[in-house]
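The values are calculated or read from the model by the stated rules, or taken from the named source; none is laboratory data. All figures in this text were calculated on a predicted structure; none of them were measured in a lab. Here the Cβ positions follow ideal geometry from the backbone for every residue, glycine too, while neighbour counts run over all protein chains shown.
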Amino acid sequence: MLRIRLRRVGAKKNPSYRIVVADAKSPRNGRFVENIGTYNPHADSAAAVNVKEDRAFYWLGVGAQPTDSVARLFKASGTAERFEAIKSGRPVVEEAAEEAADA
């Protein structure tokens, strides 16, 4: 089973993370299939999460399960909503227009 999870990188007491697709049995910083993004917990904005959404959508589509922390990051960055829109057949452009109208 494939998992989308965080891989710790960075200096001592100054972590940053890569969002990777890995086998569920491999260790946290062990072998992975693909690097699909980054997360910096020390940045204050939502821009701290960078996700290659096309690759994330592909891996979610073939059955990779995100961990709780990655699911939370996907929700905060809007990736989860866009994936649900694509999965249900709604165009993603309408989602962006609705978000702009709400602001």
### Query
How many of the residues in the stretch 42-58 are surrounded by 14 or more Cβ atoms within 10 Å (Cβ to Cβ) and either small (Gly, Ala, Ser) or farther than 20 Å from Val9 by Cβ (or both)?
5
### Task
Tell me which residues, restricted to the stretch 1-28, are exposed (fewer than 13 other Cβ atoms within 10 Å of the Cβ) and farther than 15 Å from Gly63 by Cβ.
Arg8, Val9, Ala11, Lys12, Lys13, Asn14, Lys25, Pro27, Arg28
### Query
Do we have Pro27 as touching a helix residue (DSSP H, G or I) at 6+ places or on another chain (Cβ under 9 Å), farther than 17 Å from Ile86 by Cα and part of a loop (DSSP other than H, G, I, E, B) here?
no
### Query
So Ser16 clears everything in (1) under 23 Å from Lys87 (Cβ atoms); (2) out of contact with any Leu (no Cβ under 8 Å at 6 or more places or on another chain); (3) among the small types (Gly, Ala, Ser) except one condition, right? Which one?
(1)
### Query
Got at least one residue in the stretch 50-66 being at pLDDT below 90 and assigned to a loop (DSSP other than H, G, I, E, B)?
no
### Query
Limited to the stretch 59-82, what total is found for residues that are surrounded by 18 or more Cβ atoms within 10 Å (Cβ to Cβ) and β-branched (Val, Ile, Thr)?
2
